[in-house]
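One structure below.
The values are calculated or read from the model by the stated rules, or taken from the named source; none is laboratory data. All of these numbers come straight from a predicted model, not from anything done at the bench. Glycine also receives a Cβ, built like all others from the backbone with ideal geometry; neighbour counts cover every protein chain displayed. Quick note on the areas: whole protein, heavy atoms, side chains included, nothing else; ligands and nucleic acids left out. Shrake-Rupley method; radii C 1.70, N 1.55, O 1.52, S 1.80 Å.
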Amino acid sequence: QVQLVESGGALVQAGGSLRLSCAASGNIFSIITMGWYRQARGKRRELVATITRDGSTNYADHVKGRFNISRDGAKNTVYLQISSMTTEDTEVYYCNTELRLRYYWGQGAQVTVSS
């Protein structure tokens, strides 16, 4: 079992920045990859970025240059830094991982960008 808890969701003005956190607990020692997804109301959940245990990262094309995923192994936490935010970044952001063919999700963090 793995538990994921996101934090850092907020109301941000356009052009601003935000950092989301995802704290992992439970059977986390075998986790290789963690990721961030986001979902707007009425739309499918989409992948934003992933990071592996050794720090390799991958980004969706439409967020490259504005999003940065990182991790702190000592704190079992993954971060998502978002900059130059626009109203199109207004979504619920979810932390995700897979362990032994089972997917785990956090409860989601609401990010709202005002114009």
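Roughly what percent of Cα-Cα pairs across segment 33-85 reach past 18 Å? Counting pairs separated by more than 18 Å, the tail of P(r) holds 32 percent.
Explain nothing, just the number: relative contact order of the chain, from Cα pairs under 8 Å at least 6 residues apart, as a whole percent. Let's see the in-between values first.
Numbers: 271 pairs, mean separation 41.8, N = 115.
Answer for the chain is 36 percent.
What area, in nm² and to one decimal, does the C-alpha convex hull of segment 64-115 cast on average over all directions? Don't skip to the answer; put the middle values down first.
Working: hull surface 19.2 nm².
Mean shadow area of the hull around the Cα atoms is 4.8 nm².
The residue list 8, 99, 65 was ranked by how far each Cα lies along the charge dipole of segment 3-115 toward its positive end, using unit charges on Cβ atoms, and 99 comes out on top.
Taking Cα centre as origin and charging only the Cβ of basic (Lys, Arg, +1) and acidic (Asp, Glu, -1) residues, the dipole magnitude of the chain rounds to 180 debye. Calculated on the alpha-carbon coordinates, the convex hull of the chain measures out at 97 cubic angstrom per residue. Average accessible surface for the chain: 56 Å² per residue, computed with a 1.4 Å probe over protein heavy atoms with every protein chain in place.
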